[in-house]
1. Can you tell me the FRET efficiency between Ala258 and Tyr138 if r is taken as the Cβ-Cβ distance and R0 is 41 Å, rounded to the nearest 0.05?
2. For Ser408 paired with Arg311, estimate the spin-label separation in nm (one decimal), with each label point 7 Å from Cα along the Cα-to-Cβ line.
3. For Arg49 and Glu364, what does the FRET efficiency come to when R0 = 35 Å and r is the distance between their Cβ atoms, rounded to the nearest 0.05?
4. What is the set of long-range amide H partners of Lys264 at a cut-off below 5 Å, with H atoms built 1.01 Å from backbone N?
5. So what's the net charge close to Leu354: Lys and Arg +1, Asp and Glu -1, counting the other residues with Cβ under 13 Å from its Cβ?
6. So for each of 470-477, 46-53, 30-37, 327-334 I average, over its residues, the number of other beta carbons within 10 Å; can you give me the resulting order with the highest mean first?
7. Tell me the per residue accessible area of the stretch 281-380 using a 1.4 Å probe; a whole number in Å² is fine.
Amino acid sequence: MPNQARPHGEDDRALISVAQAAHLLGVHPNTIRSWTDSGRLPAYRINARGDRRFRHGDVERLLAEGGVPEGSIADADPSQRAHELAVLSRLAQGASGPNPVAVCRVAVDALRTHLGFSQVAVYLTSRGALRLETHAGYRVAPPSMLDESAINDADARARSVNGDEPTTEFRIVLRAAGETLGLLVISDLAGTNLGVTQLPFLATVAGALGVAVHNARLLSRARREVTRSRALRAVTQELTGQLDLAAVLADIVDRTRALFEAEKAGLWLVVDGASPFQLAASRGLGDGFHAMVNSMTLESATIGVRAVRERRSFVLHGAGTDTSAGEMRAAYAAEGIQTACLVPLVVNDHAVGLIGLYHTRDREWPEEELTLVQSFANQAAVAISNARLYRSVADQAARMRSIQDLSSRLNQLTDVQAIAEAIVAEASTLAAYHDIRVYTVDWDQGTCEPIAFTDRLLGEGDFRDRLRVTIGEGSFTGMVAQTGAALLINDALAADRGHTIDGTDDSDET
């Protein structure tokens, strides 16, 4: 019988594992299993899983009998070489894409399928730590992050491997082009499927995987740069030619969100006033988030405010937990935002707006991407300025046409009352207002007589007599009549010359 029950009274520590037997005989662990299955080397089953163990005497007897063929491991077990070649072939075929995670998945699947490793994981470096990219075979997922010191520990363990000790895990550093990229972790808790004889081949796999990950990152970065550079040129042409401000703002949000794969995005115009952040367009953000931004001032302790004040981009990782998020931390947490990138829209060294790009996962923002998104934002700022200028010019042109039309109509009138009523009727095309009044100045009586007016602020009733004012400094109207100079009173209620119209409770002259 090739597989026997553990001898009565035999101490498990007196038995050796598959890996130890392979080391003593100088063959691959799979060769040991093959000899066990064929009856050439007796094996004993232990524990509930039935792991194989061997007596030292049986192994030494096989060695003394000359049962171990000379030559390489590949000569002893040709099928093992086929498995190893299959791993390398799978890795080579899967290493041509631009996705590092996909490359890692191919390696994990190949090692488990062709070499029978039960648990394999790959970690890649990320901002001073190792982030779990992919794994398979674990009942409980391995840690999502490892400290970067695990790299040095893995190197130290590789230098101190003892072939006489059971091996339950290999950690092999991934490197390429002089850069440390991550860790390949292979685990076997039973200690029956890993041996030091496999370490050279696994180091080769790790080297090939490191090169594949490095090349995938380069290819991915190059493709992104080409795509985004083309998009930036197209956006520059389209935005600078777009004169509809609302369309410009919506286009900016959609394009930045797509270019940088953001799940959520928002654009705010920076205006004068107590609430300087005026929402222009957003995608995926809730009302609570918008209300929080609307409550911000240029003195608020937030990354977005700093971006506007300092006119430079900021990236915040762990946005929902990092205290540097300031007053917006709770809003980020409520939205599930992990990474926030805040980019000011700057033109002529003046911030006219702010773009927020939000990811619900931890996302790297390399320096070249920050430079690109800032260039896009600057072009967007120019487009906004152009649209605003066009709208201002268009509004001014409309006012000029209204003035011309009103002048033409007034020139056809000879009655003072009709002229005044025409002014009241047409003035709304020139400026926005709540109320308007036209007076004639009676120098003989020393009064300003109201001859045409609206009564939206006055209510019902005849206020003609009550709107009459005396020429002179007693009222705004009387002052203008006396001096012939226009007045602009921004806070009429607080001005000394303002007064309440007779017969009303709170309707002021202005």
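1. The calculated FRET efficiency here is 0.70.
2. For Ser408 paired with Arg311, the spin-label model returns 4.6 nm.
3. So the FRET efficiency works out to roughly 0.25.
4. Tyr358
5. That works out to +3.
6. Working: 470-477: 16.5, 46-53: 14.5, 30-37: 20.1, 327-334: 18.0.
Ranking the peptides 470-477, 46-53, 30-37, 327-334 by packing returns 30-37, 327-334, 470-477, 46-53.
7. 41 Å²
The values are calculated or read from the model by the stated rules, or taken from the named source; none is laboratory data. Please read these numbers as outputs of a predicted model, since none were measured by experiment. Because the Cβ atoms are built from the backbone with ideal geometry, glycine has one as well, and the counts that use them run over all protein chains shown. For the accessible areas, the whole protein counts, side chains as well, though only heavy atoms, and no ligand, DNA or RNA atoms are used. Shrake-Rupley method; radii C 1.70, N 1.55, O 1.52, S 1.80 Å.
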